[in-house]
Structures are given as C-alpha cells and as structure tokens.
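The values are calculated or read from the model by the stated rules, or taken from the named source; none is laboratory data. The model shown is predicted, which means the values in this text are computed figures rather than measured ones. As a convention, Cβ positions derive from the backbone with ideal geometry for all residues, glycine included, and neighbour counts pool all protein chains shown. To get the accessible areas, we keep the full protein, side chains included, count just its heavy atoms, and leave off ligands, DNA and RNA. Shrake-Rupley method; radii C 1.70, N 1.55, O 1.52, S 1.80 Å.
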Amino acid sequence: MKKITDYQNKKVLVLGLAKSGVGAAKLLHELGALVTVNDFKQFDQNPEAQDLLTLGIRVVTGGHPIELLDEDFSLIVKNPGIPYTNPLVEKALTMNLPVITDVELAYQIADCPIIGITGTNGKTTTTTMLGLLLNANRKIGTARLAGNIGYPASEVAEKAEASDDIVMELSSFQLMGIQSFCPQIAVITNIYEAHLDYHGSRAEYVKAKWAIQKNMQANNYLVLNWNQPELQELSRTTNASIVPFSTKEKVAGAYLFEDKIYYKDEYIMLGNELGVPGSHNIENALAAIAVAKLKGVSNEAIRQTLMIFTGVPHRTQYIGEVAGRKFYNDSKATNILATEMALSGFDHSSLILLAGGLDRGNNFDELIPSLKGIKAIILFGETKEKLQEAAAEAGIQTIYLTENVETAVRDAYDFSEKNDTILLSPACASWDQYPNFEIRGDAFIQTMNQLKDIEK
C-alpha cells in the first residue's frame, strides 16, 4: 500500500463498526491517526470494540453522542449503513466536517488499479465473474475482490501489491462517501428504483450511483448498460471514455447478436454457453467481458471461464438435483425486479416458484406478466396472500400457501415431477422470518439436502 502521511496525528472518528469500520479503524491507527471509534452496540456485547481497545484505539459505545463532535475531529469515516439523517452525521455536515466511507480511504492507499462496479442489480455476479476472468491464466499479481461483496475495501487495499487489481463492488451508500475516488475502470450494470427509504428520492439514488465516475477522465473507462436510455443520456455528462454493452443492438463494446457474444465485432462465445441462466446474466457477462477485454484477457480464457461459472451463492445459484428435479437458490431476489430477471431465464412450463417474505406495503401487480405460464407457485411469509392474488391474476393453476422456506421446499418437491425446476426467488426481503437473505437461502439448501438424503 501507499505509505501516506495525511492522517499522521490527525483526530479521526470512525462511526459504526461491522467489517468496514474495524478495517478502517485499524488502518487509520497504523497510519498514525488518533482514532476514536463510536458504535451503537454496548461494549459488553461488542467484541469488535473490545478488540480495538486492546490495540490502543479509543472506543465509545452504546449510542452516537453528538457531544463527540466537540473534540475537533478532522474527518469522519462512516459505516455505509448509517444514514445521513443520523443526528451526529447531520451535525457534522453542518460543521463542514468531511464524512467519507472506507472505499475512499482504500483508494487513497491503494498501490494498484481499482475497477469499481455498481448498479441496482447484478453487482455481485458481475464482480465475481470479473474476478475470475482477470485471474484466468494470469502470470503476475492477483485480482482481489473488495467492497460490498463482503471484503472490507480498506483491508484489501492495505494488502494489495502494485501488480494486483482490486475489483470493488460499490453500493450507492458507499459512493455517497467518496471525494477523490477514481477507478481505472468503472461499471454500472443498470439503474432501477431502489433504497428510496435511504436516499429519499429516485433522483438522489441515481446521483449516488453516478458519483462513481465523477473524478474519471478520458484515460479511464466507464462501462455502461446501453439497454437503458437513462444511462445513455447520463453518458453525455462524463469525462470518462464510454464502453457500452447491450443485448439489444450492436455497440462499440460488448454485445449479443443472434445469440452470439461479441466484443467490438470480435466473436467471443455463444450466449447459451454461459454457465448461469437468464438474460440478466447475459448482461452481467457482457459487462465483465468488456472490462476483461480492456485488461487484455484472451477470448479463449473468457469463454472457458464463463462456461464453468455456476453463479454466486444466493443469486440464481444452481445447487443440485434431487430425483430429476433441479434446484436454484435466488434468495438474494429481495425485490420484484430481481425475481422478474430470474424468471426470464427458465422454461415456465416446468418451473415451480417459491416466493414470499416481508410485507413492505407494496402489491405485486408488476410481477404478474412474469408469472404467466408457471407450472406452480408455493408462497410463504407475510406477503403470501398478496402474492396469491397476483398468481391467480397471472392464471397459475396450482398455488400453495405454506409456512416458510423449509415447508415450501417439501411442498414443491411433493408436487413436482422429474425434469421440473424448483426456484427460490422470493421477490421480498427475508426479515419477517429470517435474519437475512443468506440464512433464508441456506434453509432452502439444507432442506434440499435433506430430500437428497431421503432419496438415497
């Protein structure tokens, strides 16, 4: 990493722990900053704070007292999940105290190129695909995954060497806290409506996403989804060099034409050779291919890598087969759009969908066109009655209401036949019954494995 001296003897407040906060606090401490960590969780229930205290880092726990701002801090490094409406954050901004996230800190110390990936859907899949592509037949250095994908950006940047690449998944929350951050290559997979409870409006959400390119120049590349007129329009406002990708037309980048994938008219592979189903995964692959080509990865390495890519855990992930039934785990589909995308990749006549979860007050009318022709639907959670109405409107003949994911798997298996596909794609958040979508997906996998044991 770069041995910067910007923080030597400077008072810095790290607001909120979790993985990114711990990493930022340790890094700043190593860079000579006078670090105070403030976390809402009580100290006796806070092993991360206890660990930092043993390193000589000051910790304040049990709330976010505004009085901390009387201490003349030079900077706040904020956990992305803490909203800007937090009273301490609001007060800091009125004081013109800089508030950044750890991705800005990572950029400041990174000794290698950063490739930033954002978007409403497909970030994690594209990031994972790209990491594999950049490591295919690589002779020098490593492509390291970082950011919203689960590896704290500052920790990864601290370990990265000059011959590496950092492939960084970036949420809108993280991008709101950047100042000088400038990736060598940036990707926007798509922009839809999301996180309005955090951003307040769609315009503010789009503004946060678009911030990924704000410091980029002509020698940097911005890879954009050309299927979206909004991104085409925004592309006129950047200094970066645009590389488009599209499944609808030939473009001066990566595109799908007659089920063949090309990069600038150079044939790469067949679209149906991808190891993961769905038109959305074609888009993800095109974005990853565009970056891989910019980084000099060969066509054959791209093809071989994407043919064996079977997906990311909980994202249209193929998890196995029981008695001729294929099981796919798409627990990460916590909104209608994600489920629509997943459904586009399957033959509906042999598809059994498992859906339901937290009721956020919306209806499911938008989902109806995507539900048509599905063989059966098994519904659970707070939204099961609302989804039942949508399924009936879509003309689905077989609709079951059940208790949870585990019972839904068993009901689906009992109803299904050989060569059917059983897909968990809930279209809802998990919090009514499961702490997060990962645990919900794990429940799906575990129940499938129990069926497998019974069949033996």
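Below, the figures for the structure above:
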quantity: For the stretch 103-308, alpha-carbon Rg relative to the globular expectation (2.2 N^0.38 Å, N residues); calculated: 0.95
quantity: Hydrodynamic radius of the stretch 147-189 per Kirkwood, over alpha carbon pairs, in Å; calculated: 11.5
quantity: Cβ-Cβ FRET estimate between Asp432 and Glu273, R0 fixed at 51 Å, reported to 0.05; calculated: 0.85
quantity: For Tyr434, net neighbour charge (Lys/Arg +1, Asp/Glu -1) across residues whose Cβ lies under 11 Å away; calculated: -3
quantity: Computed FRET value (nearest 0.05) for Asp44 with Ile66, which takes r as the C-beta separation and R₀ as 22 Å; calculated: 0.40
quantity: Neighbour cut-off at most 13 other Cβ (10 Å), DSSP loop, trypsin sites (Lys or Arg not before Pro), the stretch 58-156; calculated: Lys139
quantity: In the stretch 344-443, the trypsin sites (Lys or Arg not before Pro) that fall in loop regions by DSSP, at most 11 other Cβ within 10 Å; calculated: Lys418
quantity: Gyration tensor over alpha-carbon atoms, the stretch 204-285, equivalent ellipsoid semi-axes in Å; calculated: 25, 14, 11
quantity: Label-point gap, in nm, between Thr94 and Ser74 - each point 7 angstrom along Cα→Cβ; calculated: 2.6
quantity: Helix-only [θ]222 nm of the chain, DSSP H runs n ≥ 4, -39500 (n - 2.57) each, per residue, nearest 500; calculated: -10000 deg cm²/dmol
quantity: Bins of 10 Å from zero: percent of alpha-carbon pairs in the stretch 64-208; calculated: 11, 38, 32, 15, 3, 0
quantity: Reciprocal mean inverse distance between Cα atoms of the stretch 414-456 - Kirkwood radius, Å; calculated: 12.0
quantity: Alpha-carbon centroids, the stretch 69-93 and the stretch 323-388: separation in whole Å; calculated: 40
quantity: As computed over the stretch 146-249, the Cα convex hull volume per residue (Å³); calculated: 122
quantity: Size of the chain as Cα extents on the principal axes (Å, biggest first); calculated: 67, 53, 43
quantity: The stretch 257-330: GluC sites (Glu not before Pro) in DSSP loop, at most 15 other beta carbons within 10 Å; calculated: Glu258
quantity: Residues whose placed amide H lies under 5 Å from that of Lys11, excluding near-sequence neighbours; calculated: Leu34, Ser74
quantity: Residue-normalised accessible area of the chain, expressed per residue, 1.4 Å probe, Å²; calculated: 42
quantity: Antiparallel bridge percentage (DSSP; both residues within the chain; nearest 5); calculated: 20
quantity: Cβ-Cβ FRET estimate between His348 and Ser201, R0 fixed at 35 Å, reported to 0.05; calculated: 0.50
quantity: Scaled radius of gyration (Cα, divided by 2.2 N^0.38 Å) that the stretch 1-131 gives; calculated: 1.11
quantity: Rounded Å value of the spacing that divides the Cα centres of the stretch 18-68 and the stretch 125-141; calculated: 34
quantity: Sorted peptide list for 422-433, 174-185, criterion being average Cβ within 10 angstrom, highest first; calculated: 422-433, 174-185
quantity: Surface share of carbon and sulfur [accessible, 1.4 angstrom probe, percent] for the chain; calculated: 48
quantity: Label-point gap, in nm, between Asp365 and Glu382 - each point 7 angstrom along Cα→Cβ; calculated: 2.2
quantity: Quarter of Cα convex hull surface for the stretch 306-450, i.e. mean projection, nm²; calculated: 7.7
quantity: For the stretch 173-178, 3J(HN,Hα) per residue [Karplus equation, 6.51 cos²θ - 1.76 cosθ + 1.60, θ = phi - 60°, Hz, x = Gly/Pro]; calculated: 4, 5, 5, 5, x, 10
